[in-house]
Amino acid sequence: MRPTPFVRRILGCILLCVGASAISAPDSPDVVLQHADQIKLSNNDQFQGLLKQLDVEAEQLSPTQRDWLDYFHAWQLGYQGEYPQALAAFETLLARTQDTTIRTRSRISLLYDQVNAAHYEAAYTNINNLLDSLPQVKDHNAHFLILLSAAYLYGTAGQYDLVHQYLDQALAYDSSDLSTCIVMEQKAVTLSATRTLQPDDPQIHAALNQCLRVNDPLDAYNITVALADANLNHGNISAALKLLNARDADVVATHSSALTAEFRSKLAYAYLRAGDLVRAEQYAHSAIEYAKKQEFSKPVADAYQTLYQVAKKQGDPAAALLYHEKYATADKGYLNDTSARALAYQMVHQQVQDKKRQIEVLSEQNQLLALKQQVDRKSSETRMLYIMLLFSGLVIVVGWAYRTKRSQIKFQKLARRDGLTGISNRQHFFETAQEALRYCAKSSREASVLALDLDHFKSVNDMHGHAAGDAVLKRMVAVCREQLRSIDLFGRLGGEEFAILLPDCNAAMATHRANEMRIAIAGMPGYTEATSSVVVTASIGIATSRVCGYNLPTLLAHADTALYAAKHAGRNHVSVHGAGAAAKPDKRDDIDG
């Protein structure tokens with residue numbers, strides 16, 4: 001999903017309504033504010049000029065006009081990617097203004113800047129409050145925008161059923177040409193995110209033409225990116241380049257750093273696919289520069305991946321290694337950011353459910369109190385009923401407490417487990433493994449750490465898709481778990497990288513067990529498609545406490561060094577740190593999975 005362009009698009013679809021009941025002079029502040037609102041996307045340079053003009057006249061503005069001016073300044077900060085300053089400006093404005101329209105628009109703009117600043121829990125709390133207030137929102141445009149905002153935000157958490165639900169509600173609420181353009185753009189983005197968009201989808205092409213007719217450039221640009229992505233997925237490289245190059249200059253002119261970064265990153269990848277390494281490198285560097293305030297975004301990770309491939313094809317191993325390391329850092333940051341969004345959604349969703357349960361319990365308790373008062377006025381023959389009602393109330397409270405506790409336990413387990421494989425995630429593995437190593441150190445027990453990486457795993461994703469890659473990872477984890485003891489710790493560090501802690505296990509035992517795992521992985525049934533079968537192998541590096549000590553980061557670093565030695569030895573190998581591996585572990589230039 002694309003946060004910054006989306007909020008600028010939908011907030012640009014409504015006109016500013018200030019002084020609507022008064023007759024304004026041609027150059028009055030009301031007219032200038034209205035004009036600024038209309039052009040802030042189509043001509044952002046002129047928009048900034050109007051703000052400067054209004055700043056000069058600030059002392060002559062009414063309180064409401066000053067609030068609108070402050071709203072536009074906050075909006076521009078977010079548009080340019082200055083998210084912390086934008087958040088502070090919107091919070092200050094919301095604490096002061098009493099205008100209902102300004103408050104609603106500010107809360108919606110704040111929501112998107114909260115996402116861009118990675119304040120995900122605050123953003124989901126914000127959208128829940130906006131949706132709760134929806135029945136009381138009488139302004140037509142604000143009602144429409146809240147539905148669009150919900151669709152966007154749930155898309156960032158991968159809740160695509162909710163995305164379609166709110167988009168359908170928005171289209172049913174307002175089916176004008178501009179609103180249809182905006183909704184269909186979101187549908188195109190969602191289909192692209194789920195890799196189900198077809199390059200020749202007639203509805204999406206019709207939506208692109210409609211957005212151009214109603215002069216909604218940012219919607220048109222995002223549909224263009226989605227269609228280009230679909231063409232790349234289907235191997236239509238020239239068609240993707242034609243789509244992107246036709247809009248590139250216009251996208252740069254919007255001054256939207258996030259949209260330009262995504263556009264340039266996609267262009268770089270398209271030129272790489274076309275074999276034009278010079279342009280691929282040029283556009284990849286441009287994408288990174290535009291996204292410098294979002295260093296862990298997907299466009300940055302994709303751009304570094306393109307630069308890595310370019311350097312590799314140009315025979316520059318040093319540059320290839322540098323770009324691959326930057327790609328790994330950006331990609332892990334992006335994956336962690338994506339996980340944070342999903343986790344924030346789950347946390348806020350759980351809080352909402354708990355609040356509803358509490359309200360239900362309070363309502364039930366109030367009903368019980370009313371019944372008790374009735375029972376108190378009855379004769380002694382009704383006292384038994386009173387006792388039964390009190391007992392039922394106790395059961396309800398205990399049941400609610402039990403459900404709440406069970407939900408908390410379930411949520412804690414989800415927070416500790418990798419969502420795909422079910423083993424420990426990176427954070428939980430580090431916490432648990434370090435504690436186990438402390439125990440081994442105190443009791444003078446030797447321990448070993450294994451770093452495991454699937455060979456050529458990227459080619460599995462590239463050739464067969466991420467569904468095949470996910471299936472291979474789950475099957476590999478299942479095979480490895482059969483070889484582990486109850487005291488062993490198994491964790492996924494990210495992508496196809498895994499780590500295993502083996503307490504009470506010296507180098508010889510660890511080597512034997514690692515080879516058993518390696519053989520089991522190589523012999524596991526492959527992921528089978530209609531035309532091909534995917535069979536994978538693994539390389540394993542081992543570091544022991546006898547050589548490296550009991551510090552987990554040190555053990556992992558040496559195990560990783562041994563892993564690369566196993567890769568250099570031809571893959572499908574096991575290498576032990578400090579055992580005199582033949583391959584030199586510091587030369588990773590030709591390693592690609």
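The values are calculated or read from the model by the stated rules, or taken from the named source; none is laboratory data. Just so it is clear, the structure is predicted and the values come from calculations on it, not from any experiment. Ideal geometry is used to build each Cβ from the backbone, glycine not excepted, and the neighbour counts take in all protein chains shown. For the accessible areas, the whole protein counts, side chains as well, though only heavy atoms, and no ligand, DNA or RNA atoms are used. Shrake-Rupley method; radii C 1.70, N 1.55, O 1.52, S 1.80 Å.
If you bin all the Cα-Cα distances of segment 473-566 at 10 Å, starting from zero, the percentages per bin are 14, 48, 28, 7, 2. When the Cα positions of Ala226, Val278, Ala206 are compared along the charge dipole of segment 148-298, Val278 comes out farthest toward the positive end, with charges on each C-beta of Lys, Arg, Asp and Glu. Note on segment 417-520: dipole from Cβ charges, positive end direction compared against Pro503, Ser443, Ala520; the farthest Cα belongs to Ser443. Among the listed pairs Lys187/Lys292; Lys326/Lys458; Lys312/Lys458, those with a Cα-Cα distance over 19 Å are Lys187/Lys292.
Charge dipole (Cα centre; +1 on Lys/Arg Cβ, -1 on Asp/Glu Cβ; no other charges) of segment 216-285 amounts to roughly 200 debye.
Note on segment 68-110: Rg/Rh from C-alpha atoms, Kirkwood Rh, equals 0.93. Pairs of Cα atoms in segment 23-147 fall into 10 Å distance bins, from 0 up to the last occupied one, in shares of 12, 41, 36, 10, 0 percent. Approximating the spin labels as points 7 Å out from Cα along Cα→Cβ, the Lys52-to-Val278 distance works out to 3.8 nm. Protection proxy ranking of 192-205, 488-501, by the mean of other Cβ atoms within 10 Å over each peptide's residues and highest first, is 488-501, 192-205. Put simply, the C-alpha atoms of segment 133-210 give a gyration tensor, and the ellipsoid matching it has half-axes of 22, 16, 7 Å, longest first.
Each principal axis of the Cα cloud of segment 431-527 was evaluated for its coordinate range; sorted largest first, these ranges are 48, 26, 20 Å. For Leu493, the residues 5 or more places off, or on other chains, whose built amide H falls under 5 Å of its own are Phe498, Ala499. Relative to the current alpha-carbon distance between Phe391 and Thr432, full extension at 0.36 nm per residue lengthens the span by 10.5 nm. When each of the peptides 512-522, 101-111 is scored by how many other beta carbons lie within 10 Å of its residues on average, the order from highest to lowest is 101-111, 512-522. The 3J(HN,Hα) values that the Karplus relation (6.51, -1.76, 1.60; θ = phi - 60°) gives for segment 539-546 are, in residue order, 10, 10, x, 10, 10, 10, 5, 5 Hz. Gly and Pro appear as x. Full extension of the segment from Asn43 to Asn515, taken as 0.36 nm per residue of separation minus the current Cα-Cα distance, would add 163.6 nm. The Cα center of segment 117-182 and the Cα center of segment 38-95 differ in position by 23 Å.
Normalised per residue, the accessible area of segment 411-488 is 53 Å², obtained with a 1.4 Å probe and no contribution from ligands, DNA or RNA.
In this simple spin-label approximation, Arg103 and Asp161 carry label points 7 Å from Cα along the Cα→Cβ vector, and these lie 3.5 nm apart.
Just flag the GluC sites (Glu not before Pro) in segment 417-495 sitting in loop per DSSP whose Cβ has no more than 15 other Cβ atoms within 10 Å. Listed in order of number, the matching sites are Glu482. Ordering of 261-268, 536-543 by packing is 261-268, 536-543, highest average first (other Cβ atoms within 10 Å, averaged per residue). Here Met524 and Ala579 are evaluated by their C-beta separation; at R0 = 22 Å the FRET efficiency comes out at 0.25. The amide H of Gly422, built 1.01 Å from its N in the peptide plane, has no neighbour under 5 Å, considering only residues 5 or more places off or on other chains.
Between Tyr173 and Asp250, residue separation times 0.36 nm minus the direct Cα-Cα distance comes to 24.6 nm.
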